[in-house]
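The values are calculated or read from the model by the stated rules, or taken from the named source; none is laboratory data. Just so it is clear, the structure is predicted and the values come from calculations on it, not from any experiment. Cβ: placed from backbone, ideal geometry, glycine included. Neighbour counts: every protein chain shown.
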Amino acid sequence: MCGRYGASWGVDDLVAEFDVASVDVPVTERLEPDWNVAPTKPVYAIVTRHSREEPEAPATRRLVTLQWGLVPFWAKDPKVGARMINARIETAAEKPAFREAFAKRRCLLPADGYYEWYTPEGPKAAKQPFFIHRRGGGTLAMAGLYEFWRNPDDPSAWLRTCTILTTTATDAVGYIHDRQPLFVDPAAYATWLDPDTTDTAALTDLLTAGVNLEAYPVSTAVNNHRNNGVELIEPLPEAEPQLLF
C-alpha cells in the first residue's frame with residue numbers, strides 16, 4: 001500500500017510540469033510543501049474535466065485540491081474515506097467503491113516520493129521507514145481516482161476525495177513492502193485523464209510499476225504524521241540509495 005508520501009511542488013511548478021490549462025485552486029486552498037502527506041490531508045491532483053457551463057466543449061486539464069481517502073458518492077458517512085486511501089488495481093474497475101471513478105474520474109497525484117516500512121526479522125524488531133523516489137529526482141505521477149460526495153445535511157456542500165491505485169510490488173520493491181503505487185508515463189497522461197475514455201482494460205495497460213526508482217532508509221520521525229520538514233526524506237547516516245528499477 002501507500003500510506004504516506006512527500007509532495008513539495010508548488011502550483012506554478014505543477015502547471016508547467018503537467019501542462020495544466022486551468023487552476024481550480026483558490027489562494028485559500030494553496031498547499032505548503034508537505035514531506036509527510038497522511039490520509040485525510042488535502043493534496044494536489046491533476047484531472048481533466050468538462051465544463052458544467054459548456055458540457056459539449058472539449059475537456060480541459062486542471063489542477064485541483066482533493067482530500068486523500070476516497071469517499072464513494074453513495075457513502076452515508078464520509079469517515080469511510082480514511083480506509084480507502086488505496087485501491088487495488090486488480091479489483092478497482094469492478095469494486096463498487098471505485099468502479100464509477102475508474103470509468104470516469106481518473107487523476108494524477110504528484111509526489112516527490114513515497115514511504116514504506118520494512119519489518120526486519122525478529123519478534124521485537126522495529127519497522128524501518130524507507131523513502132522511495134525517482135532516481136535522479138523529479139516528480140512521480142501516481143495513478144489515482146477521485147470522487148464527489150454530497151453532504152445529505154447540506155446539499156450545497158461537496159467533498160472531493162481521491163485514492164491511489166496500487167499493485168503487487170516487484171521483487172526489488174517487494175522486499176520492503178508487498179504493495180506499491182502505480183504510475184503513469186507522461187506520454188499516457190492525456191489518455192489516462194480523458195473522462196470520455198472508458199475502456200478499463202486499455203486504461204489498466206497504461207499503468208506502470210517501474211520508473212527507475214531507488215530507496216534509502218530514513219528517520220522514524222516520519223512515523224508521526226505531525227512531523228514535517230525536508231529532513232524527513234534525508235537518508236540515515238551512511239545509508240546509500242538502493243536501485244530498485
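Looking only at residues that are crowded, with 16+ Cβ neighbours inside 10 Å and of a type outside the set (D, E, K, R) in segment 199-214, which one is farthest from Y114 (Cα to Cα)? Top of the filtered list is L203. Quick one: in segment 170-213, which of the residues that are assigned to a loop (DSSP other than H, G, I, E, B) and within 26 Å of P120 (Cβ to Cβ) is farthest from the chain's Cα centre (by Cα)? Taking the candidates together, the pick is Y175. In segment 104-128, the qualifying residues are those that are touching a Pro at 6+ places or on another chain (Cβ under 7 Å) and in a strand (DSSP E or B), and the one that is farthest from R160 (Cα to Cα) is Q128. Test K124 against the stated conditions and say whether it is within 18 Å of H50 (Cα to Cα) and out of contact with any strand residue (DSSP E or B) (no Cβ under 9 Å at 6 or more places or on another chain). Considered against the rule, which asks whether it is within 18 Å of H50 (Cα to Cα) and out of contact with any strand residue (DSSP E or B) (no Cβ under 9 Å at 6 or more places or on another chain), K124 comes out as no.
Hey, can you tell me all the residues within segment 27-43 that are of a type outside the set (V, I, T) and in contact with a strand residue (DSSP E or B) (Cβ under 9 Å, 6 or more places away or on another chain)?
Residues of segment 27-43 that are of a type outside the set (V, I, T), as a first pass: 29-36, 38-39, 41-42.
E29, R30, L31, P33, D34, W35, N36, A38, P39, K41, P42 - these are the residues of segment 27-43 that are of a type outside the set (V, I, T) and in contact with a strand residue (DSSP E or B) (Cβ under 9 Å, 6 or more places away or on another chain).
With respect to D112, is the statement that it is more than 27 Å from T200 (Cα to Cα) and either modelled with pLDDT under 95 or out of contact with any Leu (no Cβ under 8 Å at 6 or more places or on another chain) (or both) true? Write out each step before concluding.
Details: more than 27 Å from T200 (Cα to Cα): yes; either modelled with pLDDT under 95 or out of contact with any Leu (no Cβ under 8 Å at 6 or more places or on another chain) (or both): no.
For D112, the condition - more than 27 Å from T200 (Cα to Cα) and either modelled with pLDDT under 95 or out of contact with any Leu (no Cβ under 8 Å at 6 or more places or on another chain) (or both) - is not met.
Conditions tested, residue by residue: (1) part of a strand (DSSP E or B); (2) modelled with pLDDT under 95; (3) closer than 17 Å to K104 by Cβ; (4) among the hydroxyl-bearing types (S, T, Y).
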residue	(1), (2), (3), (4)
D19	no, no, no, no
V25	no, yes, no, no
L31	no, no, no, no
P39	no, no, no, no
E56	no, yes, yes, no
R61	yes, no, yes, no
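Return a yes/no flag: does segment 148-166 have any residue that is within 20 Å of the chain's Cα centre (by Cα) and more than 22 Å from L31 (Cβ to Cβ).
In the first step, residues of segment 148-166 are kept if they are within 20 Å of the chain's Cα centre (by Cα); the result is 148-149, 159-166.
Subsequent filtering for residues that are more than 22 Å from L31 (Cβ to Cβ) retains 166.
Yes.
Flag not set for L14, criterion: free of Cβ contacts under 8 Å to residues at least 40 places away in the same chain, of a type outside the set (G, A, S) and farther than 20 Å from E116 by Cβ.
The rows are residues; the columns are (1) surrounded by 14 or more Cβ atoms within 10 Å (Cβ to Cβ); (2) hydrophobic (A, V, I, L, M, F, W, C); (3) closer than 30 Å to R61 by Cα.
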{"residue": "L165", "(1), (2), (3)": "yes, yes, yes"}
{"residue": "W192", "(1), (2), (3)": "yes, yes, yes"}
{"residue": "T197", "(1), (2), (3)": "yes, no, yes"}
{"residue": "Y216", "(1), (2), (3)": "yes, no, no"}
{"residue": "S219", "(1), (2), (3)": "yes, no, no"}
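Has segment 135-152 got any residue that is in contact with a helix residue (DSSP H, G or I) (Cβ under 7 Å, 6 or more places away or on another chain), assigned to a strand (DSSP E or B), of a type outside the set (D, E, K, R) and surrounded by fewer than 20 Cβ atoms within 10 Å (Cβ to Cβ)? Looking for residues that are in contact with a helix residue (DSSP H, G or I) (Cβ under 7 Å, 6 or more places away or on another chain), assigned to a strand (DSSP E or B), of a type outside the set (D, E, K, R) and surrounded by fewer than 20 Cβ atoms within 10 Å (Cβ to Cβ), one finds none in segment 135-152, hence no. W158 meets all of the listed conditions (1) crowded, with 20+ Cβ neighbours inside 10 Å; (2) assigned to a strand (DSSP E or B); (3) touching a Phe, Trp or Tyr at 6+ places or on another chain (Cβ under 9 Å) but one, namely (1).
From the list A87, A75, A92, which one is touching a residue at least 24 places away in the same chain (Cβ under 8 Å), under 18 Å from L165 (Cβ atoms), in a loop (DSSP other than H, G, I, E, B) and among the small types (G, A, S)?
Values: A87 fails: in a loop (DSSP other than H, G, I, E, B); A75 fails: under 18 Å from L165 (Cβ atoms).
Sole residue among the options that is touching a residue at least 24 places away in the same chain (Cβ under 8 Å), under 18 Å from L165 (Cβ atoms), in a loop (DSSP other than H, G, I, E, B) and among the small types (G, A, S): A92.
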